[in-house]
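Colleague: Take a look at this one; I'll ask things after.
Derivation of every value follows stated rules applied to the coordinates shown; laboratory data play no part. Quick caveat: nothing in here was measured; it's all calculated off a predicted structure. Cβ: placed from backbone, ideal geometry, glycine included. Neighbour counts: every protein chain shown.
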Amino acid sequence: MDDGSPDGTGELVDTLAKDDPRIHIIHREKKMGLGRAYVAGFHWGMDKGYDVFFTMDADFSHDPKYLPTMLELVRSNDVVIGSRYVEGGGTRNWGLGRKVLSRGGSIYARTILGAPLRDFTAASTV
């Protein structure tokens, strides 16, 4: 998903997609928020017939090496969550501000929603 990013990410993905039919990008003219990006991506995937979706940050804070394991696990589970805050997880190359935002956001969401989750900012597979 490219929300008019000024750093050239959209153009880079366009170039990669020309040589790899597995790579797709949705270009949007302006930033419309992460939640709307997820919804647009899920709709795109469902329209194409996909039944498994991974959400990941493009800065590699979600390590792609876990994708095969998550794909295997989703075959016998409805949802698979890769959390930074479990054994083996982590937040490499994160500054204090990003750590506070991630932890704080999850605490806030858990309090407001009353959900037992510890990491609302985790990557998930559904």
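Colleague: Could you work out the local net charge near Tyr108, counting Lys and Arg as +1, Asp and Glu as -1, over the other residues with Cβ closer than 15 Å to its Cβ?
Modeller: Local net charge: +3.
Colleague: Over the Cα atoms of the range 24-88, what is the Rg over Rh ratio if Rh follows Kirkwood?
Modeller: Expressed as Rg/Rh, it is 0.98.
Colleague: Residues with beta-carbon under 15 Å from that of Gly95, excluding Gly95: net charge, scoring Lys, Arg +1 and Asp, Glu -1?
Modeller: So the surrounding residues net to +3.
Colleague: Another question, then. Let me spell out the model: positive unit charges on the Cβ of Lys and Arg, negative unit charges on the Cβ of Asp and Glu, origin at the Cα centre of the chain. What dipole size does that give, in debye rounded to 20?
Modeller: With only Lys, Arg, Asp and Glu charged at Cβ, the dipole is about 560 debye.
Colleague: Still on this structure: Across the chain, how many lysine pairs, 8 or more apart or on two chains, come within less than 28 Å at their alpha-carbon atoms?
Modeller: Lysine pairs meeting both conditions in the chain amount to 10.
Colleague: Using a Gaussian network model of the chain whose springs link C-alpha atoms within less than 10 Å, name the residue from Arg22, Arg75, Arg36 with the highest mean-square fluctuation.
Modeller: Taking springs between Cα atoms under 10 Å, the residue moving most is Arg22.
Colleague: Using only the C-alpha atoms of the range 52-126, find the volume of their convex hull and express it per residue in Å³.
Modeller: Convex hull of Cα atoms, per residue: 101 Å³.
Colleague: Is any residue of the range 87-110 close enough, with backbone N under 18 Å, to a label point placed 7 angstrom from the Cα of Thr69 along the Cα-Cβ axis, and if so, which?
Modeller: Under 18 Å, as judged by backbone N against the label point of Thr69, lie 87-92 of the range 87-110.
Colleague: Can you give me the pair-distance distribution of the chain, C-alpha pairs, 10 Å bins, whole percents?
Modeller: P(r) over the chain, rounded to whole percents: 11, 35, 40, 14, 1.
Colleague: Could you run the Karplus curve 6.51 cos²θ - 1.76 cosθ + 1.60 with θ = phi - 60° over the range 35-47 and give me ³J(HN,Hα) per residue in whole Hz, x for Gly and Pro?
Modeller: Once rounded to whole Hz, the list reads x, 5, 5, 4, 4, 4, x, 5, 4, 4, x, 5, 4.
Colleague: Now, a different point. Which angle from 0 to 90°, rounded to the nearest 10, does the C-alpha axis of helix 96-113 make with the longest principal axis of the chain?
Modeller: 70 degrees
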